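Chemist: One structure coming up, written as structure tokens, with questions to follow.
Since every read-out is calculated from the coordinates, none of them should be taken as a lab result. Nothing here was measured: the structure is a model prediction, and the numbers come from that model. Positions of Cβ are generated from backbone atoms using ideal geometry, with glycine treated the same way; all protein chains shown enter the neighbour counts.
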Amino acid sequence: MREVAVIGIGITKFGELWDKSFRQLIAEAGSKAIFDAGIEGKDIDALYIGSMSSGRFIGQEHVGALVADAAGFSHLHIPATRIEGACASGGLAVRQGYLSIASGVNDIVVVGGIEKMNDVAGASATETLATAADQEWEAFFGATFPGLYAMIATRHMHDYGTTKEQLAQVAVKNHANGAKNPYAQYKFEVTVEQVMAAVPVAHPLGLLDCSPVSDGAAAIVLCAMDKAKEFTDKPVKIIASGQASDTLPLHGRRDITTLDATVHAAKMAYKQANVTPKDIDVAEVHDCFTIAEICAIEDLGFVEKGKGGKAVEENITTLDGEIPVNTSGGLKAKGHPVGATGVAQIIEIVEQLRGEADKRQVEDARIGLAHNVGGSGATCVIHILEAI
Amino acid sequence: MEDIGIVSYGGYIPRLRITAKEIASIWGKDGERMSSGLGVYEKSVPSIDQDTATISVEAARAALRRTNINPLDIEAIFIGSESHPYAVKPTGTIVGEAIGATPDLMIADYEFACKAGTAAIQNCVALVKAGYIRYGLAIGADTAQAAPGDALEYTAAAGGAAFIIGKEDVIASINYTYSYATDTPDFWRRAERKYPSHGGRFTGTPAYFKHITSCAKGLLEKAGTKPEDYDYAIFHQPNGKFPKKVAKILGFTSEQIKQGLLVPFIGNTYSGSSLVGLASVLDVAKPGDRIFLVSYGSGAGSDGFDITVTDNIMKLNRENAPSMKEMIDDKEYISYGIYAKYTDLLYWE
């Protein structure tokens, strides 16, 4: 397998972007990434686009070709493919791009991720997100994502004594990081008291335990490692790509507080990269809800199972902690345009490994991990990156 | 410059109230949280025999009672509302007959969501300025509709205000007016639909805030003034939060908006919303006071007014009609059941 590097990154601001269309957003992120990499349209062998539900959010499917067209590449007839795996769509698109270069088929690919979620009303967005759950066994009975993650949280509290304060501390930390991120949807800090007192969504999760509905796009340029130096002095190498699946509904799981898809994807990735969780200097994990970050740091092996809440309480995952998690603000504060999230996570890790993360910079970050989850854990994709 | 402006004014708020807490209890919501979230504690409710026509008549009569103007000298009546009792057949003619202003006058009903009343004022000012009419009567009034269970139900209220516009004995000169409008579908009610629809959070930043701030900035530029030049400021008040936030964005103080901010106690009276605020300011205004008003109508647009209170306000018999505060304080609470009956939620075919 050939080695693969990230040579360009581009992201839009995340948020309620009423005055920007799907086309404008992906064109903005894509052109920034292409400019950053210093490549031209004719250099691109393929496009991969992660988007969870453009059909329900903006009434537009067939967005692979649309993105190539929006980027101004229609005359180049570049192969363009849309990838879907719920909220993991972006991470899966990265993996497809990676595999296509690693296999020797392509040399340079652009991977984009996008979601434009605010063109529908809130209830409709919730319903669309619920299509990532099991329609027959979960959604038809009224389960929404906050409801499913609330069940995970309740069980985690029961089994391990995790507290609502510890959940709140995840939001506090991620908002503190988001406040330092110019592209974040929420650039303000919150207190534990505010999180605890927020409007209840699904007990024990309140409004500030939940990631928002967001518009946004992100794009990266991947290149075969042996050619990367032609374009950049600071290529960031993808040293592992892992993916795993699990039961679609929550009730089919061995243990609902453990996302086995994360455990297996992580195992695959650590093996490929030949690293252990202790080697990870910085991580972006899928904190669609505060409990999800606690489960993630356990399932990724950063802390022992059941100790996630305690670890957050002990500030192990803060910017200056032992293993800084979600330095971008995470899904919680940076925003969660679902299809864009997996790509945006890679961008944060690349910025950290390039030493360009400004006020969010983790000192001496050499190895970073991005963890992207679809649904309540039926899909997980993990990438490990290394500064060269 | 010829002094054209408000010659008299009157407001009307129905005396029935329902609390946000009572509404919340029906829908399984936390009343206190709803109240503090929206900045609205209770709202006015029209009684079973009250509608935009009766509210307009009450407000117009209050305006007339404060002056000696002969109703026959009112040569135009424009009524802005989104709850005209008839889809076809004017409210204005009912009001014209009731106050004895007919038949030698022009009448038209206006609709531009919550800013139709301020559009009526602008048109009266223009007709007076052109010399077509001696006095014009501009009214903004509504019995606002909200679907049961919708967020709007906590705020959609009833009330209105009437302004006689002319150039004799002007109590408040309208120095400048400026409008800002775009096609922005944040809130609407299709023909033959009973309740309005809205775009949720889209009604905020790209709608209310964009139009009010743009209109306000345009007006300040036109008038060559700054926020601190004004004694009072009034912004459309769909809830208690938006007007406070927009005032802050523009650099107005909470002290400047306090007198005109009635929404916490009566809810959003739609076409009457910014105008009942203006009536409340005129209830206490002194000669020389300067007033800044910007309305907002969904769809969307804003009308801005730079107003200076004149010495004539001391000659106006303000005490001949109840002040807005008196009407706000004169209230009777009703249950959700009575509310449902009076606002036609319990209908069958």
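Chemist: Which FRET efficiency value, to the nearest 0.05, do you get for B:LYS248 and B:ALA130 by plugging their Cβ-Cβ distance into 1/(1 + (r/R0)^6) with R0 = 45 Å?
Modeler: Taking R0 as 45 Å, the efficiency between B:LYS248 and B:ALA130 is 0.75.
Chemist: Under 10 Å, Cα contacts only: if you run a Gaussian network model on chain B, which one of B:VAL246, B:VAL95, B:VAL276 comes out with the highest mean-square fluctuation?
Modeler: Top of the fluctuation ranking is B:VAL246.
Chemist: Evaluate the charge dipole of chain A about its Cα centre and quote only its size in Debye, nearest 20, assuming +1 on the Cβ of each Lys and Arg and -1 on the Cβ of each Asp and Glu.
Modeler: 200
Chemist: Over segment B:167-216, what lengths in whole Å, largest first, do the semi-axes of the equivalent ellipsoid take, defined as the square roots of 5 times the eigenvalues of the alpha-carbon gyration tensor?
Modeler: For segment B:167-216, the ellipsoid semi-axes come out as 31, 17, 9 Å.
Chemist: In whole Hz, with x marking every Gly and Pro, tabulate ³J(HN,Hα) for segment A:199-211 from phi via Karplus 6.51 cos²θ - 1.76 cosθ + 1.60, θ = phi - 60°.
Modeler: Calculated HN-Hα couplings, in order: 3, x, 10, 8, 3, x, 8, x, 3, 7, 8, 10, 6 Hz.
Chemist: In a solvent-free Debye calculation with one equal scatterer on each Cα, what is log10 I(q)/I(0) for segment A:148-258 at q = 0.11, 0.13, 0.17 Å⁻¹, listed in the order of the q values?
Modeler: Reported log10 I(q)/I(0), two decimals: -0.60, -0.77, -1.00.
Chemist: Who wins for biggest fluctuation among A:ALA184, A:ALA292, A:ALA197 in a Gaussian network model of chain A, springs between alpha carbons below 10 Å?
Modeler: A:ALA197
Chemist: Which whole number in µm²/s is D for segment B:173-312 by Stokes-Einstein, with the Kirkwood Rh taken over Cα pairs at 4 °C and 1.567 mPa s?
Modeler: Reported coefficient: 85 µm²/s.
Chemist: Pairs of lysines 8 or more apart, or on different chains, with alpha carbons under 25 Å: count those in segment A:240-358, would you?
Modeler: 14
Chemist: Can you tell me which lysines have their Cα less than 21 Å from the Cα of B:LYS194? Leave out same-chain residues fewer than eight positions away.
Modeler: B:LYS194 reaches B:LYS43, B:LYS89, B:LYS115, B:LYS341.
Chemist: So what is the orientation-averaged projected area of the protein assembly as shown, using the convex hull of its C-alpha atoms, in nm²?
Modeler: Taking the Cα atoms of the protein assembly as shown, their convex hull projects to 34.5 nm² on average.
Chemist: Here's a follow-up. Could you state the number of Å between the C-alpha centres of segment A:21-69 and segment B:193-210?
Modeler: Here the two parts' Cα centres lie 30 Å apart.
Chemist: Can you give the Rg to Rh ratio for segment B:45-157, taking only C-alpha atoms and Rh from Kirkwood?
Modeler: 1.00
Chemist: Mind checking which aspartates and glutamates have their Cα closer than 14 Å to the Cα of A:LYS13? Skip sequence neighbours fewer than 8 apart in that chain.
Modeler: A:GLU28, A:GLU115, A:ASP215, A:GLU348
Chemist: Another question, if that's okay. For A:HIS286, A:HIS264, B:HIS84, which order do you get if you count the other beta carbons within 10 Å of each Cβ and list the fewest first?
Modeler: Ordered from fewest to most neighbouring Cβ atoms within 10 Å, A:HIS286, A:HIS264, B:HIS84 come out as A:HIS264, B:HIS84, A:HIS286.
Chemist: Enter the Cα centre distance for the pair segment A:232-261 and segment B:283-349, rounded to the nearest angstrom.
Modeler: 59
Chemist: Report, in whole Å, the centroid distance computed from the Cα atoms of segment B:5-26 and segment B:59-115.
Modeler: About 20 Å separates the Cα centre of segment B:5-26 from the one of segment B:59-115.
Chemist: Excluding same-chain residues fewer than 8 positions from B:LYS248, which aspartates and glutamates have a Cα within less than 20 Å of its Cα?
Modeler: B:GLU221, B:GLU228, B:ASP229, B:ASP231, B:ASP303, B:ASP306
Chemist: Out of B:HIS236, B:ILE307, B:GLN256, whose Cα points farthest toward the positive end of the dipole of segment B:173-312 (charges: +1 Lys, Arg; -1 Asp, Glu; placed on Cβ)?
Modeler: Among B:HIS236, B:ILE307, B:GLN256, the one farthest towards the positive end of the dipole of segment B:173-312 is B:HIS236.
Chemist: If you don't mind, another one. Figure the gain on full extension for A:ASN315 and A:HIS158 (residue separation times 0.36 nm, minus the Cα-Cα span) and round it to one decimal in nm.
Modeler: Value of the extension gain: 54.3 nm.
Chemist: To continue, here is another question. With N residues in segment A:214-331, what two-decimal value do you get for its Cα radius of gyration over 2.2 N^0.38 Å?
Modeler: 1.20
Chemist: Another one. Which of B:GLU153, B:GLU168, A:GLU28 has the fewest other C-beta atoms within 10 Å, and how do the rest follow up to the most?
Modeler: B:GLU168, A:GLU28, B:GLU153
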